[in-house]
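Reading through the structure tokens given below for one structure.
The values are calculated or read from the model by the stated rules, or taken from the named source; none is laboratory data. It should be emphasised that the depicted structure is a prediction, and the values quoted were computed from it without experimental measurement. Positions of Cβ are backbone-derived with ideal geometry, glycine not excepted, and every protein chain shown enters the neighbour counts. Ligands, DNA and RNA are excluded from the accessible area calculation, which covers all protein heavy atoms including side chains. Shrake-Rupley method; radii C 1.70, N 1.55, O 1.52, S 1.80 Å.
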Amino acid sequence: MQVKSFLVRFPPFDALEPDAVERIAAATQIGFFPEGTTILQRGGPPTAFLYVVRTGAVELVGDGTVIDLLEEGELFGHPSLVAALPPSLSVRAVEDTICYLIDRDVADDVLRTRSGVEFLARGLAHRSRQVALTMEADQIVRPPPPISTLIHRPPIACQPGTSIGDAAATMTEERVSSILVHGDELVGIVTDRDLRTKVVATGRDLGHPVTEVMSTPVFTVPSDATADDALRIMLERGFHHLPVAEADGRIVGVVSDTELIGLERTAPFGLLRALDRAATADAVTAAMAGLPRVVSSVVESGVDPVDVGHVIASAIDGATRRLIHLAITELGDPPGPWAWLALGSAARHEQSMDTDQDHALVFVATDMPVEEADRYFEALARRVTDGLVAAGIPRCRGGVMAESPAWRADRDAWLETFRTQLAEPDIGGTAFSNIALDYRRVAGALEVETAIERLVRDAAHRGGLIRKLASAALNLRPPTGFLRDFVVESEGAQAGTLDVKHGGITPVTNLARTFAVATGSSANRTIERLRSAVAAGGVDTDLGGGLEEAFRLLWRIRLEHQTSQRDRGEPPDDAVDPRRLGALTRRSLREAFRLIGAGQRMLATTYGMRHR
């Protein structure tokens, strides 16, 4: 490839006039640097050239630490060239490398153009971030303080026979927002919210026992858990108070969401409180309009990218629960117990800003025939689905929603459908295996999970289900067939981009689901499934850990891409332009794809399947 035709592919040369690039090419030299060569020495003489990597790769090194990796088309030497100062970082060839060397005078003209100035600004900002991140990674990171450090007083408790009035008086006297109900063991908790919604709003007699309005069973958090752990539990389960327990089960205190408001990364609580208090479907829509801002804030603050998926799913859970409550208020009491199930990525708490609805509704008709009860639940499901659409969560393109008869049924019919689908020969490639095998109850008192888990275990024990899932896990291949360039879409609106979901995230999800079913794990989140598979000996420790880190990397790339799109006013998608990624990220991404390929080869070998 000629020098000119190579340079115009990369900034800042891609924004220059053709004649200008022609002059640059005419003044360009070629340098060859064997692997290990130090091209520029930190603190050495100022460089006389602007370097462009033609083939190979170089690393930038400061204090013995690799700060960045530069590959084809990337520039180095410009900070020293512009300032006429010694290089602040050493540059070393990590493999045999060819560079184009542009003379100082010509390079100076390039860097003084508008595109050159913009390039310098972006490059310096990126380099500063890389240095900061590397220094942070090299420091000794102190573990976050345990949740027990937030406890400033022992818990307030009462006996199960205590009246509601006396319990409320104790809370007022002690100035606390919750009281534990404790006999021989912890049996429940009453919060100020319980008093508002279950006592004041309903006119309940204050002389009745406190057990009538307490929440039970009580979920506790270990005293050595972190504030982030407590936040995650509260977000996922819709709790506002969490008792803190020592290893021996002794309750040492209670933490509330208001106490955590002052901590970092608690913006999701404001959104969840707004959803919890929404009096109309329009108010739910208004509250959900703040979700993109919340996601941007937690992404920018460096939260684990998988936890960001939990935040998004928790917000959608909150909107769903509130819409269900509003629908029941309008339609009247349900004709029997029911369960609203999140499916697929919603069940795994792994949702991005580019998500849709996946849910089902299971019920038992106790006061009327099934057909009549179904009409009630159809009306409820339609109101909730419409409300989620208005709140920015579009309908599932495949129709996997409770408003559809295929995903709404009485419990016996639902379990029979589950049993039948598990026996289908092509289940591995169906929406059922990709969505319904990942389920989680969001609302309702009907317990169906145990029966579903039993059906899955029975099907897995017979062996056929695992082979079907394994076959499906091999269908989506990561783009491993490259050295310098990624395998990207070649045509259409997304030409030149990488589908980070189907090219990476979904293959890891499918692998983890297969591992979980094969090892008998009931976990429904990807990372938990990988860890349980490693613990059960079904997956090698290095491979399991590698897939976990690959999953996190892919999620970080996905979320940063989508939040950037939101900031530009564009709809979010999963089409990532590899050219916008930093060199270290690209290198890590290639390694992630190789690990996914290794996981698929392991699965193919285990079950005697072909894997090209």
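Quick notes on this structure:
- Sparsely packed trypsin sites (Lys or Arg not before Pro) within the range 170-214, loop by DSSP, other Cβ within 10 Å at most 10: Arg175
- A straight Cα-to-Cα reach below 29 Å connects Lys468 with the lysines Lys501, residues fewer than 8 places away in its own chain not being considered.
- Neighbourhood charge, 13 Å Cβ-Cβ cut-off, centred on Pro160 and excluding it, Lys, Arg +1 and Asp, Glu -1: -4
- These residues, His461, His240, His78, His325, go from largest to smallest accessible area, 1.4 Å probe, as His461, His325, His240, His78.
- Relative intensity, log₁₀ I(q)/I(0), of the range 505-579 from a Debye sum that treats every alpha carbon as a point, q = 0.19, 0.26 Å⁻¹: -0.74, -1.07
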